[in-house]
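Report on the structure given below.
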Amino acid sequence: WKAEDACGNSVTKTQTITVTDNTAPELTVPADAAASCDNVPAVGTATATDKCDAAPKVTYLGETRVDGNCAGNYKLIRSWKAEDACGN
């Protein structure tokens, strides 16, 4: 910034603006589903959006099987992670 009076006297000052991205991306994963043991759905695709990064990285972390009361009853818990360029 610079200010100058009618006599040509002037002063200059600076302003520093620090922009920080502390917000994690929004992660959207496939919807929960029910299936029969011979028709388990394939791993779907997760997507992410972020206010500061146009292409946050989405990583599939794998699945965990939680057994039920018999061999044909179980849950598959599939996990994904989203990370933007700032590590959020």
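Summary table
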quantity: Long-range tail of P(r) for the chain (Cα pairs > 17 Å, %); calculated: 66 percent
quantity: Dipole of the chain, positive end: most advanced residue of 1, 41, 12 [Cβ charges, Cα centre]; calculated: 41
quantity: Likely footprinting exposure, 76, 27, 61, fewest C-beta neighbours within 10 Å first; calculated: 61, 76, 27
quantity: Whole-angstrom gap from the range 72-87 to the range 47-65, using each part's C-alpha centre; calculated: 9 Å
quantity: Pairwise label distance in nanometres, residue 73 with residue 18, each label 7 Å out on the Cα-Cβ vector; calculated: 5.6 nm
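No lab work stands behind these numbers, since they all come straight from the coordinates. Note that this is a predicted model, so its numbers are computed, not measured. Cβ sites come from the backbone with ideal geometry, for glycine too, and all protein chains shown count toward neighbours.
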